[in-house]
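Bear in mind these aren't lab numbers, they're just calculated from the coordinates by the rules spelled out. Keep in mind the model is a prediction, meaning the values are calculated, not measured. Please note: Cβ atoms are built from the backbone with ideal geometry, for glycine as well, and neighbour counts cover all protein chains shown.
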Amino acid sequence: MNATTNEAAVAEKIANDTSTCGIVGPTAGGAAERSALRRRKVAVEGKRQKIAPVPAGNKTAIVLMKLKTRRGATVESLMQATGWQAHSVRGFLSGTVRKKLALTVISEIGKDGVRRYRIDEHA
């Protein structure tokens with residue numbers, strides 16, 4: 001069975017799957033249904049999802065741009081740039097930047113006593 005036949009079989013299996021058919025309510029044909037279909041397709045194919053490149057102009061790009069500066073960024077400056085609360089900024093730094101994007105984040109306290117975060121380009 002070649003790759004195109006396998007893809008056609010997966011597409012047919014997803015199309016014939018009745019577990020998502022007949023959804024009634026606000027999720028009918030919405031993002032939740034499409035997301036479930038994408039997850040199912042990835043699980044059926046047995047492939048891992050790849051991290052998509054970050055589009056310019058979204059909050060992730062803004063935070064990464066600020067963290068890549070030589071001086072870094074404070075939690076307060078990231079809060080103002082994104083509109084997030086402090087715990088959301090710290091969670092984003094830990095969960096997304098460190099774990100998902102696998103970037104090294106350096107936390108330093110400057111002479112002014114303010115903690116700054118920056119991405120280490122050499123690691």
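Scanning segment 90-123 for residues that are within 12 Å of LEU67 (Cα to Cα) and β-branched (Val, Ile, Thr) gives VAL97, THR104, VAL105, ILE106, ILE119.
Any idea how many residues of segment 66-109 are part of a helix (DSSP H, G or I) and surrounded by 13 or more Cβ atoms within 10 Å (Cβ to Cβ)? Total satisfying the criteria: 16.
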